[in-house]
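In what follows, a structure is listed as structure tokens, so that the remarks can point back to it.
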């Protein structure tokens, strides 16, 4: 039974690695940065971390990402404002990068209204992250 689970998990991780994504994690709390990065890297994804919305907007101007995991409450620029800035940029230049809210306090409707594609409540759980990524990315 355990060996079957390990085989299924290894096969799933291989599938994930084949579909590696470039993910931007936008989070001001170091523990949450490490958790999200670790979960994503374990799935074979490439991770870039920024500490606030302003840094996230700048990172998106400098590099291409397949997915953004965005905290909502941060200093300098919050996640809702950053997502709105990303969406304004996309209106001018085209394209669409999925933005997923990571938050313990924000209202789901408020996140969607700001242009976020999905919402993951904190504390972050690997199974919810994986399911949301599959939903948003279609992988």
(Q) Being surrounded by 13 or more Cβ atoms within 10 Å (Cβ to Cβ) and without any contact (Cβ under 8 Å) to a residue 60 or more places away in the chain is the requirement here; does residue 75 meet it? (A) no
**Q.** Flag for residue 110 being over 11 Å from residue 24 (Cβ atoms), assigned to a helix (DSSP H, G or I) and modelled with pLDDT under 95
**A.** yes
Q | Residues (out of contact with any strand residue (DSSP E or B) (no Cβ under 6 Å at 6 or more places or on another chain) and either surrounded by fewer than 19 Cβ atoms within 10 Å (Cβ to Cβ) or more than 20 Å from residue 112 (Cβ to Cβ) (or both)) located in the range 42-72 | A | 42, 43, 44, 51, 52, 54, 55, 58, 61, 62, 63, 64
Q) Is there a residue being without any contact (Cβ under 8 Å) to a residue 24 or more places away in the chain, more than 18 Å from residue 139 (Cβ to Cβ) and either within 11 Å of the chain's Cα centre (by Cα) or part of a strand (DSSP E or B) (or both) anywhere in the range 35-51? A) yes
Q) What single numbered condition from (1) in a helix (DSSP H, G or I); (2) modelled with pLDDT of 95 or more fails to hold for residue 28? A) (1)
Q. Filter the range 113-128 for residues that are touching a helix residue (DSSP H, G or I) at 6+ places or on another chain (Cβ under 6 Å) and either touching a residue at least 60 places away in the same chain (Cβ under 8 Å) or assigned to a loop (DSSP other than H, G, I, E, B) (or both); which is surrounded by the fewest Cβ atoms within 10 Å (Cβ to Cβ)?
A. 126
Q.
Taking the conditions exactly as written (in contact (Cβ under 8 Å) with a residue 60 or more places away in the chain and outside any strand (DSSP E or B)), does residue 84 satisfy them or not?
A. no
Q: Working only within the range 87-105, note down all residues that are assigned to a loop (DSSP other than H, G, I, E, B), in contact with a strand residue (DSSP E or B) (Cβ under 8 Å, 6 or more places away or on another chain) and at pLDDT below 95.
A: 104
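The values are calculated or read from the model by the stated rules, or taken from the named source; none is laboratory data. The structure presented is a predicted model; accordingly, all values stated were derived computationally and were not measured. Glycine also receives a Cβ, built like all others from the backbone with ideal geometry; neighbour counts cover every protein chain displayed.
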